[in-house]
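The values are calculated or read from the model by the stated rules, or taken from the named source; none is laboratory data. Remember, it's a predicted structure, so these values are computed and weren't measured experimentally. In this analysis, Cβ positions are derived from the backbone assuming ideal geometry, glycine residues included, and neighbour counts consider all displayed protein chains. Quick note on the areas: whole protein, heavy atoms, side chains included, nothing else; ligands and nucleic acids left out. Shrake-Rupley method; radii C 1.70, N 1.55, O 1.52, S 1.80 Å.
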Amino acid sequence: GNNPTRLNDVLDTIISNVMRQHGVIDHISGDSLIATFGAHKPCFMHETAACMCALEVMKEEVIMKNVFIAADTTQMEVGTIGAQGRLVRSVIGESSELCQKISALSRFILHANIVATERTARVVTGISKIPVDIITASSRYRDTPLDATLFQIAPTEKRDDAKYKQGFTQVISGAFDD
């Protein structure tokens, strides 16, 4: 349900983990949050820090299965926008827009709590990256749609990557039978 106390507990858990991994909370709107790693201040291996933060968040009991996290690595604009007396922090760019779409896709179709784009997954180390889908996403920031391979992010010890990669390869090649 829409329990404000529970939502505050969830946000507190997420924010604490973001801060511990040297990220910055850029925007909170209702039940969604945007955090950046390496955009405001240097963050060594910011892609890995973001994914490790997501994994830590998912360990928390208060989170359960109701949080969906998307990670992407690309250039974005971060800062303060608005007018006198009403300034807010903001993240603008293709990455922010794509992550919003991936988060919704994760919740309603993929049923994966942490999903990263290929450009993030290829540089992340020390965690399991399982291919789960290929999407074509439109963006107001580009003239042509963006093709993106999506990867579920999981602790390494929980997955047998070889089996997932083999299955994904079979699906792509058309060799998969029901």
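Computed values, structure above
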item	result
Inter-label distance, nm, simple model (7 Å from Cα along the C-beta direction), Leu7/Phe108	1.9
Value of Rg/Rh across region 117-156 [Cα atoms, Kirkwood radius]	1.08
Protein-only accessible surface order, largest first, of Phe68, Phe44 at 1.4 Å	Phe44, Phe68
Sequence of Leu105, Leu150, Leu87 from largest to smallest accessible area, 1.4 Å probe	Leu87, Leu105, Leu150
Kirkwood Rh in Å, taken over all unlike Cα pairs in region 78-122	12.5
Debye log10 I(q)/I(0) for region 9-114, one point scatterer per Cα, at q = 0.14, 0.15 Å⁻¹	-0.54, -0.62
Two-decimal ratio, the chain, of alpha-carbon radius of gyration to 2.2 N^0.38 Å	1.07
Between helix 4-20 and the chain: long-axis angle, C-alpha atoms, 0 to 90°, nearest 10	80
Sequence-distant residues sharing a close amide H with Ser128 (under 5 Å, placed H)	Ala154, Thr156
Angle in degrees between helix 46-59 and the longest Cα principal axis of the chain, rounded to the nearest 10	90
Approximate spin-label separation Lys41-Arg140, in nm, with each point projected 7 Å along Cα-to-Cβ	3.1
Point-to-point label distance, Asp31-Arg86, nm (Cα→Cβ direction, 7 Å offset)	2.6
Accessible surface of the chain [probe 1.4 Å, protein heavy atoms]: carbon and sulfur percent	51
1.4 Å probe accessible area per residue over region 33-84, in Å²	59
For q = 0.27 Å⁻¹, Debye-computed log10 I/I(0) when each Cα of region 5-67 counts as one equal scatterer	-1.20
